[in-house]
Amino acid sequence: MLKKLIQSIRSPLRLKRTVRTTPEIVGSNQHSLRREQFSRNAVNVVERLQRAGYQAYIVGGGVRDQLLGIAPKDFDVATSATPEQVRAEFRNARVIGRRFKLVHVHFGREIIEVATFRANHPQEEGDGDSNQASRNEAGRILRDNVYGTLEDDAQRRDFTINALYFDVSDERILDYAHGVHDIRNRLVRLIGDPEQRYLEDPVRMLRAARFAAKLDFEIEKHSAAPIRKLAPMLREIPSARLFDEVLKLFLSGRGERTFELLVEYELFAPLFPASAKALARDPEYAGKLIRQALANTDERIRQGKPVTPAFLFAALLWPALPARVAHHQDRGVPPIPAMQEAAHELISEQCQRTAVPKRFTIPIREIWDMQERLPRRQGKRADLLLENPRFRAGYDFLLLRESAGEETGGLGDWWTDYQDASDGERRGMIRGLASSQEDGAAPRKRRRGGSRKRRPRTGEGAGNE
Ligand code: ATP
Ligand code: MG
């Protein structure tokens, strides 16, 4: 498919990197995208808008991914209709957003996101109507609701590969920014001057890393060059938006690769400052733990299993915990309260960067608390722990820690055995603990033959809900 597309487009020797006012038109005989491949709902939305006299196209990931043979996550529509006009066409539509107003058209679980063509901004605040558009002193866009033409819209999009417009009526692709060329060369390239585009919206740096990981593309060198210098600007982005972005970065199925790119481009530290410090202090252990957590998450997504941000955040922040605990213990706080205090601090600090909602911070704490409780198995404790709804997540987390090289005295194996054991065997295992000195928490010899086969991960854990 891509080959066909590629063969049919001649590569101009020197591409002018400005956005064209007339698009390259890629006819339906030059590519293999067919309207049947697109979500029916997206096609219906486009046709409805066209019938009402507006221009409308499918744009963004829905076009880009399908050209690459990847199933798109969702479908975005661009139109000349204003949000209010769009809403008037559909019963099931809601206008959302303030910084960037758009319309969500709901079809059961599917949402088609409809955005009105936008123009680039006046450079200075006050140049235009500041109700529609505004920037701060650094040039960051605070509001982005100046509508424009299709040509304007192509120009204000982030990457060339995201500015391909598919016309469902004639199956043509309108390419204003040499996006097809960059798809062919597997390049993530910003439209326009990279530094200015990152200053307008620093989240584009995260998007560059995300698309490079997802599509297995390179970030084109001019687009890559300013990232390290501008990465600290992410600190100015509202924490709620960054939380959403972090989920897209790590829960899209290419989390491990995305993490590598974030570290390479120094984008990880502004998102997870404490974790980045821990990573610098002990790259071997912290890197292994985080990578393994992301690899497990990627694998679960590949298998269609559910994943939850709580497990992931628990893992991302865990390497930062010991230094905090030690700090409190040095001030004379006993171990358990020191751990509680450190956990609380760490999560509150993280929420200032990425606003983690309470429904996730609570399970993060529970997963961590479990790590304190899993070694204490005397009497009825082990059975009570097994009944705890967080047991599976806690156990999976324990295995994760062990896989990163944490020494737990074979605790993971013990719990693996315990879950499989009969009642009688369980009583024996608990008695066995009584004879060991510290409630079985002291390091014990690994059984011969090395590490045991783990229980298959089902139900709770490894990042599921
Ligand atoms: P995916 O849905 O797979 O994450 P996508 O490219 O569709 O990828 P969306 O976040 O759905 O990304 O956005 C849809 C389109 O809107 C993008 O393709 C891009 O053209 C434009 N866009 C999104 N965010 C920005 C941004 N911060 N700056 C400029 N354009 C953007
Ligand atoms: Mg999309």
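The label point for Arg291 and the one for Glu151, both projected 7 Å from the Cα toward the Cβ, are 4.9 nm apart. Compute the long axis of helix 358-373 from its Cα atoms, compare it with the longest principal axis of the Cα atoms of the chain, and write down the angle in degrees, 0 to 90, nearest 10. For 358-373 against the chain, the angle is about 30 degrees. Relative to the dominant Cα principal axis of the chain, helix 40-51 is inclined by about 30°.
Over all Cα atoms in the chain, the spread is summed up by Rg and Dmax: 26.0, 82 Å. On a per residue basis, segment 272-438 carries 46 Å² of accessible surface, using protein heavy atoms and a 1.4 Å probe. What residue among Gly62, Pro375, Pro226 has its Cα farthest toward the positive end of the dipole of the chain, where the charges are +1 on Lys, Arg and -1 on Asp, Glu, each on the Cβ? Final value for the positive-end residue is Pro375. Of Asp216, Asp170, the order by accessible heavy-atom surface (1.4 Å probe, DNA, RNA and ligands excluded), from most exposed downward, is Asp216, Asp170. Of the residues Asp152, Asp201, ranked by 1.4 Å probe accessible area with the largest first, the sequence reads Asp152, Asp201.
Of the cross-linked pairs Lys288/Lys380; Lys101/Lys248; Lys288/Lys358; Lys248/Lys305; Lys214/Lys288; Lys277/Lys305, which ones have a Cα-Cα span greater than 24 Å in the structure shown? Present the calculation step by step, with values, prior to reporting the outcome.
Details: Lys288/Lys380 34 Å; Lys101/Lys248 20 Å; Lys288/Lys358 27 Å; Lys248/Lys305 16 Å; Lys214/Lys288 21 Å; Lys277/Lys305 32 Å.
Too far apart for the 24 Å limit: Lys288/Lys380; Lys288/Lys358; Lys277/Lys305.
How high is the FRET efficiency from Gln37 to Gln196, r the C-beta distance, R0 41 Å, rounded to 0.05? Efficiency, from the Cβ-Cβ distance: 0.70. Full extension of the chain between Gln50 and Gln30 gives 4.8 nm of extra length, using 0.36 nm per residue less the Cα-Cα distance. Here the simple spin-label model places points 7 Å from the Cα toward Cβ, and for Arg281 and Arg98 these points are separated by 3.8 nm. Accessible surface for Thr79 stands near 0 Å², nearest 10, in the context of the full protein assembly shown (1.4 Å probe). The calculated FRET efficiency for the pair Glu366 and Glu299, based on their C-beta separation and a Förster distance of 30 Å, comes to about 0.80. Taking 0.36 nm per residue of separation and subtracting the current Cα-Cα distance, fully stretching the chain between Ser239 and Asp420 would add 60.8 nm. In this calculation the C-beta distance from His344 to Glu171 is compared with R0 = 35 Å, giving a FRET efficiency of 0.05. Where only DSSP H runs of four or more residues are counted, the chain gives -14000 deg cm²/dmol as its mean residue ellipticity at 222 nm, each run worth -39500 (n - 2.57).
For the chain, the longest principal axis of the Cα atoms and the long axis of helix 423-435 meet at an angle of about 70 degrees.
Modelled spin labels at Thr21 and Gln352, positioned 7 Å past Cα toward Cβ, are 4.9 nm from each other. Size descriptors for segment 272-438: radius of gyration and Dmax over Cα atoms are 16.7, 50 Å.
Subtracting the Cα-Cα distance of Glu264 and Glu406 from 0.36 nm times their residue separation leaves 48.6 nm of extension gain.
The values are calculated or read from the model by the stated rules, or taken from the named source; none is laboratory data. Computed from a predicted structure; not experimentally measured. Here the Cβ is made from the backbone with ideal geometry for all residues, glycine too, and neighbour counts use every protein chain on show. Please note that ligands, DNA and RNA were not included when accessible areas were found on the heavy atoms of the full protein model with its side chains. Shrake-Rupley method; radii C 1.70, N 1.55, O 1.52, S 1.80 Å.
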